[in-house]
Structures are given as structure tokens and as C-alpha cells.
Amino acid sequence: MAVKIKLKRLGKIRSPHYRIVVADARTKRDGRAIEEIGVYQPTYDPSIIKVDNERAQYWLSVGAQPTEAVLAILKLTGDWQQFKGLPAPAPLKVAEPKVTDFSHLFAKAVAGFEDSTTGVAITPKAKKSDKKDEAAAESDAPATEA
């Protein structure tokens, strides 16, 4: 039985997420897997790659063949170089958490808002009786013809 390390696709139509799985070579792409050894999410910036190093080394040592895509991922993480006895690659880019502090902008907006308002409605509401009086005044006025 030939064993492959390949990608199993998950996610919606335009947001793919992959699991790195060990499966029989004859199974479908998203078919039954022997074991899941990692995750690859290419849509994130930077993309997320997590591989269980011990399990990847085990499966490579017993003869599992990685597909081209998985081989590229294993080279990025350094698992392939470790298996072959080569020097490790440079570390991957790690995303720094984005901290967006908008509290100063919020305080500025609230301060400007408090200064400009008086707590009274800007447009006074017209009462129903005022509308009736205006309609009656228009109908009582004599029509002038030219």
C-alpha cells in the first residue's frame, strides 16, 4: 500500500483551508485519511502553516511520499531538511498582532459631539393642529385668476 502525505481541502468556494493528511494514494483528495498531521491556511496574511514535526518525521521515515504542494510546505517549515539531514532554513515570518487603539479618536469625537449639542431637538416637530390650521387657511383664501 502506497502512502502519501497530501492536502485535504476544506472551506467555502473562495476561502480554502487545507489539512495536511497522511492517506492511501488511491483515496480521493478529500477522502478518508489515516492521520492528520498539520494545517495550512493560505488566505490569511501571512498564511498559517502548522505541522506536527514528530508525526511528519515518522511518516517520512516509514516511506510516505509527500505531494509537490506538501513538499513545498515541509521545506518552508524545515521538516524536509531535518529528514534529509540538511541545514535548517531561515525562520518563517511570524505575524505581529495588530493592536489598533482608537480610544483617543473616540474621546475626540465624543468631546466634539458634546460641545455642539444643546440637548434640544434641532428641528421642532409640527403639531397636528398646526397642519390643520395651515390647510384651512389655504382653502379659505380666494382664488385669483389671471
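What to note about this one:
- The HN-Hα couplings worked out from phi for region 48-58 by the Karplus form 6.51 cos²θ - 1.76 cosθ + 1.60 (θ = phi - 60°) are 9, 10, 10, 10, 6, 4, 4, 5, 5, 5, 4 Hz, whole numbers, x standing for Gly and Pro.
- Less than 5 angstrom separates the built amide H of residue 35 from those of 22, all sequence-distant by 5 or more or on a different chain.
Bear in mind these aren't lab numbers, they're just calculated from the coordinates by the rules spelled out. What you see is a predicted model, and the numbers here were worked out from it, not measured in a lab.
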